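Structure first, commentary second.
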Amino acid sequence: MNSLMKGARMAVKEYMNIKPKESVIIITDNKMPRELSDALFKAVKELGASCTLKLMEPLKRNGQEPPEEIAELMKKPDALFLLTYKSLSHTKARRDASKAGVRIASMPGVTEFSFTEGGLTANCRTVKELTEKMYEKVQNSKTVRITSENGTDFTAGVEGREWKKDDGIIHEKGKFGNLPAGEICVAPVEGTSSGVIIIDRMADYGNRVKYTVKDGFARKIEGSELLEKEVDRLGLKARNIAEIGIGTNPNAKIIGNVLEDEKVFGTIHVALGDNLSFAGNINVPLHVDGIILNPTLEVDGKILIKDGKWVFLEEDEPERENPDKARVEISEILNSQVDAPGKVESHSLFGYEPQETKKNPYEPYIVREPLESHYFDPWIGGWTRLNNRFVINPQLYGYWIKIVEIHEKIHNIYKTGDEAFVERVTWHYFRNGYLNLSSYS
């Protein structure tokens, strides 16, 4: 239970902003681990709000309407958590609850990983900032093209359609979103989509699923007999290209769970079926998302994502006298051979006590008594402050000293003591691939 509370408290306090004396309902089913709903229940009670846990029969598919009793219950609380095996997000019951002013977090199929290591552990401000950055680039756009090395080449018209921001900040009456959060999405104009889509990850329906799209519908589906049977049973509307989404959560990981997978930073997802929740016109009891890895996204002729990297972030990078100097010198650090240390070495820049290296690569280093000025969000691959300590990202197991060297190098290159400036520059090096430590882990 204790390990789950980090994500539960983040969901309840930061993302949903639950207040004392508010009424909260958690709807779940017996296909979901009871520990997850119990953790949310405990987190709600810690804040002094009332909480009711309601068990329902599991739904058979995403988008299926719940029983009338559940639909009525959904309209009553101040805040609602939908912790169900199949999604209630794209249902009339959910839309009616939102119209009634209920704040709703939909968490279909959420896993323990999301609570302890994945998307729910992301800093909500970071998710909001990245979501807003992408939203600014795509709003009021007319056409979208998605390509990838896997064979995807697909275009869609989005003129007049509103892009939706799912940043997880569900503080206002009637606000709805997913948790974990982190995406921008839009419903393409019906009949405008065409091309080929290769889905790399599709949770229950398999991987490497191919859609041949014409006039807005997936006319041919290859690679998943289960999905073919599902859409054939529901008719042509189930083949509608319902959504194009862009992941914006830096902590989310591909784990085979669509709720987490579709939020992964640098991915795109495309959905079939119902699009009413995105201001579309297709009403069908199905909404199925598929993930495209390492995509290239072109909006109104401008490339925003190239092979999974947000290229426009470079536009915000601070100017420097010699643009190549920093890259070369940092590259020298990364290319040097560094053995994983047996003990974390002390460093005068940060003023902390050394601690024995942990043997388990999934356990973070804990660095005691950091200087207040040194702060990094964990998603950039560095360290973050937690309860007055520094927690080293476990992805840097054995090689975090390189980050200290890089940080000092940037200080020297820019000849500045401005920590915020230096950290901003380092952030851009990470996001643009210059500080890729994956080969060291």
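The condition of being in contact with a His (Cβ under 7 Å, 6 or more places away or on another chain), modelled with pLDDT under 95 and not assigned by TED's automatic domain parsing to the domain that holds Asp204 holds for Asn62. Remark: Thr126 matches the filter, which requires a residue to be among the polar types (S, T, N, Q) and either in a helix (DSSP H, G or I) or assigned by TED's automatic domain parsing to the domain that holds Ser37 (or both). The condition (being in contact with a Ser or Thr (Cβ under 8 Å, 6 or more places away or on another chain) and within 17 Å of Val186 (Cα to Cα)) is satisfied by just one residue among Ile241, Ile303, Ile268, Ile255: Ile241. Of the residues making up the stretch 240-255, at least one is closer than 30 Å to Met16 by Cα, in contact with an Asp or Glu (Cβ under 8 Å, 6 or more places away or on another chain), surrounded by fewer than 24 Cβ atoms within 10 Å (Cβ to Cβ) and of a type in the set (A, V, I, L, M, F, W, C). Here Lys13, Lys75, Lys99, Lys19 are screened, and the one residue that is farther than 26 Å from Phe278 by Cβ and at pLDDT 95 or above is Lys19. Applying the criterion of at least 3 residues that are closer than 24 Å to His287 by Cβ and among the hydrophobic types (A, V, I, L, M, F, W, C) to the helices (runs of 4 or more DSSP H) found wholly in the stretch 1-104 leaves 68-73.
Here's the yes/no breakdown for (1) closer than 21 Å to Val270 by Cα; (2) out of contact with any helix residue (DSSP H, G or I) (no Cβ under 7 Å at 6 or more places or on another chain); (3) without any contact (Cβ under 8 Å) to a residue 60 or more places away in the chain:
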residue	(1), (2), (3)
Gly101	no, yes, no
Gln139	yes, yes, yes
Lys142	yes, yes, no
Asn150	yes, yes, no
Thr155	yes, yes, yes
Gly168	yes, no, no
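Does Glu298 satisfy the condition of being assigned to a strand (DSSP E or B) and surrounded by fewer than 24 Cβ atoms within 10 Å (Cβ to Cβ)? The answer is yes for Glu298. The set of residues in the stretch 7-32 that are over 17 Å from the mean Cα position of the chain (by Cα), farther than 27 Å from Arg61 by Cβ and among the charged types (D, E, K, R) comprises Arg9, Lys13, Lys19, Lys21, Glu22. Confirm whether Val231 is more than 20 Å from Lys86 (Cα to Cα) and either of a type in the set (A, V, I, L, M, F, W, C) or surrounded by fewer than 23 Cβ atoms within 10 Å (Cβ to Cβ) (or both). The answer is no for Val231. Does the stretch 275-290 include one or more residues that are within 16 Å of the chain's Cα centre (by Cα), modelled with pLDDT of 90 or more and in the same structural domain as Arg208 (by TED's automatic domain parsing)? Yes.
One line per residue, one yes/no per condition, for (1) within 17 Å of Ile291 (Cβ to Cβ); (2) of a type in the set (Phe, Trp, Tyr); (3) crowded, with 23+ Cβ neighbours inside 10 Å:
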site: Asp96; (1), (2), (3): no, no, no
site: Lys99; (1), (2), (3): no, no, no
site: Arg103; (1), (2), (3): no, no, yes
site: Gly119; (1), (2), (3): yes, no, yes
site: Cys124; (1), (2), (3): no, no, no
site: Lys137; (1), (2), (3): no, no, no
site: Arg145; (1), (2), (3): no, no, no
site: Gly151; (1), (2), (3): yes, no, no
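Checking each residue in the stretch 154-176 for being buried (at least 19 other Cβ atoms within 10 Å of the Cβ) and at positive phi picks out only Gly168.
Could you please find all residues in the stretch 259-278 being surrounded by fewer than 24 Cβ atoms within 10 Å (Cβ to Cβ) and part of a helix (DSSP H, G or I)? If the condition is that a residue be surrounded by fewer than 24 Cβ atoms within 10 Å (Cβ to Cβ) and part of a helix (DSSP H, G or I), then Leu276, Ser277, Phe278 are the ones that fit. Report yes if Ser114 is in contact with a strand residue (DSSP E or B) (Cβ under 9 Å, 6 or more places away or on another chain) and either crowded, with 18+ Cβ neighbours inside 10 Å or not in a loop (DSSP other than H, G, I, E, B) (or both), otherwise no. In short, no.
The values are calculated or read from the model by the stated rules, or taken from the named source; none is laboratory data. Just so you know, these numbers come straight off a predicted model, no measurement behind them. Note: ideal-geometry Cβ built from the backbone for every residue, glycine included; neighbour counts use all protein chains shown.
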